[in-house]
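Okay, structure first, notes after.
The values are calculated or read from the model by the stated rules, or taken from the named source; none is laboratory data. Keep in mind it's a predicted model, so treat the numbers as computed, not measured. A quick note on method: Cβ atoms are made from the backbone with ideal geometry, for glycine too, and the neighbour counts reach across all protein chains shown.
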Amino acid sequence: MTSTVRKTLLGGLFSLIILSVCLLMLTRVEGLPSLRDANLSAFVLFEFFVAVGAIYAFSVFLWARFYALFGESRGSKNAFIDMGLIAIAKYLPGKIWGILFRGAVDENGIALKKNRVVISAAEQVYSLIVALLMIGFLALSSYAGYTSGITFSLAIATIVSCVLSLKVLLMAVSIVTSRSKFGITQTLNPIGSNLLRSIELAIGYICLWVLTAIPLLILISNSQPLLLEQLISITTAFISAMIAGWLALFAPSGIGVRETAFVYLAPELFTWQDGLFWITLHRTLFTLFDLAYGATTLIIIAYRTKMVVVK
């Protein structure tokens, strides 16, 4: 059993522990709404898991597109495995494991390669940059009262900032790797491919961050109607909470940090009990999906490894 598989299994164990803690909170903590208040019908759960599946499917697509910026190809099957590994490895303390494992598996077996680790880290940094720029856009738009002209101008400025950030990031990676002897400078285009590809990735990652809030909005809107301003406020609070959880490097999947940030940033629509209930319910269901995705990924890896040994 390779180190990658062992760490992934350990991540699965941590995710089960987190799942148990979330279930205990939802059922045993006094003052929180009950699960009955969430009105979790089969159709709502179906909508939720379809939305989560869409998030991962789009993540697979963007990861493959980002990877191509470095002059290398990462097929859809390998990209699917990559995201499956990061989905479960994020439950290990420290975000480094997900970054290390993504790209470790291909048709030739399992092996950590420096160029893939660097690309994985760069993609995570870019995704975080886009999220921060989005928070700035949403905050400024709210301050301006969502005036159409100002909002449109801010949207364009955000996209331009994302495009420029990508170019700066790729140049930074090129400089660092050339001096650190990572061995990818010969395949790295320091100007971020062509302009259309950069715009495509910028808009893609913006849409991905918006998409990450959809499962939570599905849960909440099933229980109470939401106005557009409330949808935007909840989305802003959730993305901010996701960033806080990501930056908490040694909190498995940002456990505790994400929930605290959401409760603090959640709009006046929620009491702290309601905010904690919804974000905990979201984590519970999302963790279930991660476990299923991670298990599927390990089965595929085991099959591929067996095929490589047979060959």
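Among the residues making up region 191-221, those that are more than 28 Å from Trp278 (Cβ to Cβ) and not in a helix (DSSP H, G or I) are Ile191, Gly192, Ser193, Asn194. Residues in region 221-270 that are of a type in the set (Ser, Thr, Tyr), within 20 Å of the chain's Cα centre (by Cα) and within 21 Å of Ser142 (Cβ to Cβ): Ser233, Thr235, Thr236, Ser240.
Taking Glu259 as the residue in question, decide whether it is surrounded by fewer than 19 Cβ atoms within 10 Å (Cβ to Cβ), of a type outside the set (A, V, I, L, M, F, W, C) and touching a helix residue (DSSP H, G or I) at 6+ places or on another chain (Cβ under 9 Å). Spelling it out, it is not the case that Glu259 is surrounded by fewer than 19 Cβ atoms within 10 Å (Cβ to Cβ), of a type outside the set (A, V, I, L, M, F, W, C) and touching a helix residue (DSSP H, G or I) at 6+ places or on another chain (Cβ under 9 Å). Can you list residue pairs whose Cβ atoms sit under 7 Å apart, with the first residue in region 216-228 being closer than 15 Å to Leu281 by Cα and the second being of a type in the set (D, E, K, R) and modelled with pLDDT under 85? Count only pairs 6 or more apart in sequence or on different chains. Here the result reads Ser223/Asp37, each pair linking region 216-228 to a residue that is of a type in the set (D, E, K, R) and modelled with pLDDT under 85.
Please determine whether any residue of region 101-109 is under 14 Å from the mean Cα position of the chain (by Cα) and buried (at least 17 other Cβ atoms within 10 Å of the Cβ). Scanning region 101-109 turns up at least one residue that is under 14 Å from the mean Cα position of the chain (by Cα) and buried (at least 17 other Cβ atoms within 10 Å of the Cβ). Cβ separations smaller than 8 Å between residues 6+ apart or across chains give the following pairs from region 17-28 residues that are more than 17 Å from Gln273 (Cβ to Cβ) to residues that are part of a helix (DSSP H, G or I) and of a type in the set (Lys, Arg): Ile18/Arg283.
Check whether at least one residue in region 52-62 is touching a residue at least 40 places away in the same chain (Cβ under 8 Å) and over 17 Å from the mean Cα position of the chain (by Cα), and report yes or no. No. Selection of first residues in region 122-140 that are surrounded by fewer than 19 Cβ atoms within 10 Å (Cβ to Cβ) and of second residues that are basic (Lys, Arg), restricted to Cβ pairs under 8 Å at least 6 apart or on distinct chains, gives the following pairs, ordered by first then second residue: Gln124/Lys95. Scanning region 13-36 for residues that are assigned to a helix (DSSP H, G or I) and surrounded by fewer than 18 Cβ atoms within 10 Å (Cβ to Cβ) gives Leu13, Leu16, Ile17, Ser20, Val21, Leu23, Leu24, Met25, Thr27, Arg28, Leu35, Arg36. When the residues of region 197-220 are filtered to those that are buried (at least 19 other Cβ atoms within 10 Å of the Cβ) and small (Gly, Ala, Ser), the one that is farthest from the chain's Cα centre (by Cα) is Ser198. If we keep just the residues of region 111-131 that are closer than 14 Å to Arg74 by Cα, of a type outside the set (A, V, I, L, M) and outside any loop (DSSP other than H, G, I, E, B), which is modelled with the highest pLDDT? Taking the candidates together, the pick is Glu123. Inside region 27-51, can you point out the residues that are of a type outside the set (Ser, Thr, Tyr) and farther than 15 Å from Ile220 by Cβ? Of everything in region 27-51, those that are of a type outside the set (Ser, Thr, Tyr) and farther than 15 Å from Ile220 by Cβ turn out to be Arg28, Val29, Glu30, Gly31, Arg36, Ala42, Phe43, Phe46, Phe49, Val50.
Taking region 132-152 as the range and being at pLDDT below 90 and assigned to a helix (DSSP H, G or I) as the test, the residues that pass are Leu138, Ala139, Leu140, Ser141, Ser142, Tyr143, Ser148, Gly149, Ile150, Thr151, Phe152.
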